[in-house]
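The values are calculated or read from the model by the stated rules, or taken from the named source; none is laboratory data. These numbers come from a predicted model, not from an experiment. Here Cβ is always computed from backbone atoms with ideal geometry, including for glycine, and neighbour counts include all displayed protein chains.
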Amino acid sequence: MRCASDESFIGNTAPSLTDRRGRQASEASSMLRKNTKPLLFMDIDGVLSLFGFASDSRPDGVWLNVDGIVHLISATAAEHLQRLRAAYEIVWCSGWEEKANEHLVTALTLAGPLPFLTFPPTDDGRHWKLASVEAHALDRPLAWVDDAHDDGCRAWAAARSAPTLLVPTDPAIGLTEAQVAELERWARDLRPASSAA
């Protein structure tokens, strides 16, 4: 790992919780369910924060210190999220939980905090995020971007009655331009013909 002195960092101190916490997704559920946009559950590690790349081929990005842990935030993360926010109601779906808003709203120049999921322990044998995604989404159309979908996630998505798109990422590359275009196209195709203009 390179030392901090030869890389740019985005802020060493987080904005206050009162400024950047946002709402836990369950607190915003009733409002979000009235929204006509599909949901977009957005992971962070392996999607916006890159890892697993060879030390001699570091992707473009900016280092971000999160509670003493250094993350490489993709150079395209801000643009991708801003584009996707036009088509989706984005919800953080990451072990970062409320820390996503504390650290990423300013770093990615987002218009404001996003709802976030929390992940109470479960013993149902399913993916550790799935119960929270399911509880928040109910019957809304959704896309879910993550670097660690498993067979259970894929089976759950295939069995849903509402339109569902899983977008897997390579953690060394993160969310790509082609995947953003696919997400935009998918959301556009969900809209009734009368509102697509």
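A few comments on the model shown:
- Filter result (farther than 15 Å from Ile44 by Cβ and outside any loop (DSSP other than H, G, I, E, B)) within the stretch 64-92: Glu79, Gln82, Arg83, Arg85, Ala86, Ala87, Glu89
- Beta carbons closer than 6 Å, at least 6 apart along the sequence or on distinct chains, pair a first residue in the stretch 89-101 that is farther than 24 Å from Glu184 by Cβ with a second that is hydrophobic (A, V, I, L, M, F, W, C) and buried (at least 23 other Cβ atoms within 10 Å of the Cβ) for Trp96/Ile44; Glu97/Phe116; Glu98/Phe116.
- Flag for Gly22 being part of a loop (DSSP other than H, G, I, E, B), modelled with pLDDT of 90 or more and at positive phi: no
- Test result for Ala193, modelled with pLDDT of 95 or more and either loosely packed, with under 13 Cβ neighbours inside 10 Å or of a type in the set (S, T, N, Q) (or both): no
A quick yes/no check of all residues on (1) more than 12 Å from the chain's Cα centre (by Cα); (2) acidic (Asp, Glu); (3) at pLDDT 55 or above; (4) loosely packed, with under 13 Cβ neighbours inside 10 Å:
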site: Ala4; (1), (2), (3), (4): yes, no, no, yes
site: Gly11; (1), (2), (3), (4): yes, no, no, yes
site: Ser16; (1), (2), (3), (4): yes, no, no, yes
site: Leu32; (1), (2), (3), (4): yes, no, no, no
site: Val62; (1), (2), (3), (4): yes, no, yes, no
site: Asp67; (1), (2), (3), (4): yes, yes, yes, yes
site: Ala75; (1), (2), (3), (4): yes, no, yes, no
site: Trp92; (1), (2), (3), (4): no, no, yes, no
